[in-house]
């Protein structure tokens, strides 16, 4: 448990999180979160917060949102028992299949929810940022669905390694804006999107893709993504006859992980988030924010970030574009600090190996982001044989083919003779 809190304080904060009392009225998850934004954006954030309070849990909004999830997104997504992987690992492995959602990842849950909200708030156009491209694709699709123009900001580095998703966004009618500043990845894309928002805060709706940033975004994204954990919890009871012993999810900004974990916080389930270990432990070699970061402010939120001794935010590295981020959602920072969720990391080579194993044993090409969760789950199974393991499969790996073609597959499956 973190030294930030006494055992009594940690218990109180955790119970507040379980009871849905986080964030508080100031947008805080304990000491984390809040709103640190330019003065020009304060009215826009206040309008957004008021809109979230008015519409998010309104019966009419929820009816429309649930209909879109059911009829357009394709929910509920499947819970798959991984028989071959279970045999190989000596465990009982279940996979929550967000890769089967429309557009191929969990991002669509949040995108359609926020697009519906933008429509209600009278937005003239939507802007979004993306790293792996899945949020950009989801935003483009959702905006097409509700009839709003969309511009997606994407780092030039990510555009190169996620070329299929760039094409998909454009075909869905979105303008893709290349970001050449900073590290040319997700952090730079978010910065550029925020600059664009400042130019027209009344007419633009900023559709943020992860559970990061200034209040109310971490709360809003969590509420829209919590469908993952709610479904998975009931499906485990229906199909496995019991809740899992442990649940794994990859963590970049943390939207798919908080979506899976939040509805499970009050259960006797070990929760493990897996960050990008990259190629090493040094600054700039990984994106393992919660493992090696320190508290600071990044893009409107007080959270754990990767920074040097002078407080300069550091560039990151991960083979997976969606985990290549210098911060993490403030709710994850709290859940680590109170000891409810354990955050570990998996390296590039471990993620690649796990991806190949999943392909060869279960016929599922997962995203490189989720591959990190599989790598950690496999190691856990070796140390804890016989456990019932749930893995949040955040998205499919088609988008990663430009990267994967640089690493010829080592796993070969031979027919029995």
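The values are calculated or read from the model by the stated rules, or taken from the named source; none is laboratory data. Because the structure is predicted, anything quoted here is derived from the model rather than measured. Here Cβ is always computed from backbone atoms with ideal geometry, including for glycine, and neighbour counts include all displayed protein chains.
A count restricted to the range 356-373 and to residues that are in contact with a strand residue (DSSP E or B) (Cβ under 6 Å, 6 or more places away or on another chain) and in a helix (DSSP H, G or I) stands at 5. Among the candidates 147, 155, 133, the residue that is on the phi > 0 side of the Ramachandran plot, under 19 Å from the mean Cα position of the chain (by Cα) and assigned by TED's automatic domain parsing to the domain that holds residue 34 is uniquely 133. In this structure, residue 220 qualifies as touching a helix residue (DSSP H, G or I) at 6+ places or on another chain (Cβ under 6 Å) and surrounded by fewer than 24 Cβ atoms within 10 Å (Cβ to Cβ). Which condition number does residue 63 fail, the rest of (1) closer than 19 Å to residue 110 by Cβ; (2) in contact (Cβ under 8 Å) with a residue 24 or more places away in the chain being met? The single condition residue 63 does not satisfy is (2). Here residue 122 passes the criteria (1) touching a strand residue (DSSP E or B) at 6+ places or on another chain (Cβ under 6 Å); (2) outside the structural domain of residue 365 (by TED's automatic domain parsing); (3) without any contact (Cβ under 8 Å) to a residue 60 or more places away in the chain except the one numbered (1). Evaluated against (1) at pLDDT 95 or above; (2) in a helix (DSSP H, G or I); (3) buried (at least 19 other Cβ atoms within 10 Å of the Cβ), residue 382 falls short on exactly one condition, (3). Note on the range 6-60: residues that are modelled with pLDDT under 95 and touching a helix residue (DSSP H, G or I) at 6+ places or on another chain (Cβ under 8 Å) amount to 5. Among the residues examined, residue 244 qualifies as part of a loop (DSSP other than H, G, I, E, B) and in contact with a helix residue (DSSP H, G or I) (Cβ under 7 Å, 6 or more places away or on another chain).
Scanning the range 385-396 for residues that are surrounded by fewer than 24 Cβ atoms within 10 Å (Cβ to Cβ), on the phi < 0 side of the Ramachandran plot and not in a strand (DSSP E or B) gives 385, 387.
When you scan the range 260-340 for strands (runs of 3 or more DSSP E) that lie fully inside it, which ones turn up with 3 or more residues that are within 18 Å of residue 214 (Cβ to Cβ) and touching a residue at least 12 places away in the same chain (Cβ under 8 Å)? Reasoning before the result, please.
Details: elements: 270-278, 294-298, 301-305.
Answer list for the range 260-340: 294-298, 301-305.
Condition (residue is more than 22 Å from residue 129 (Cα to Cα), assigned by TED's automatic domain parsing to the domain that holds residue 260 and without any contact (Cβ under 8 Å) to a residue 24 or more places away in the chain) applied to the range 342-350: is it met by at least one residue?
Taking the range 342-350 as the starting set, the residues that turn out to be more than 22 Å from residue 129 (Cα to Cα) are 342-350.
Now restrict to residues that are assigned by TED's automatic domain parsing to the domain that holds residue 260: 342-350.
From what is left, the residues that are without any contact (Cβ under 8 Å) to a residue 24 or more places away in the chain are 349.
So far as the range 342-350 goes, yes, one or more of its residues are more than 22 Å from residue 129 (Cα to Cα), assigned by TED's automatic domain parsing to the domain that holds residue 260 and without any contact (Cβ under 8 Å) to a residue 24 or more places away in the chain.
Would you mind stating whether residue 227 is modelled with pLDDT of 95 or more and in contact with a strand residue (DSSP E or B) (Cβ under 7 Å, 6 or more places away or on another chain)?
Details: modelled with pLDDT of 95 or more: yes; in contact with a strand residue (DSSP E or B) (Cβ under 7 Å, 6 or more places away or on another chain): no.
Considered against the rule, which asks whether it is modelled with pLDDT of 95 or more and in contact with a strand residue (DSSP E or B) (Cβ under 7 Å, 6 or more places away or on another chain), residue 227 comes out as no.
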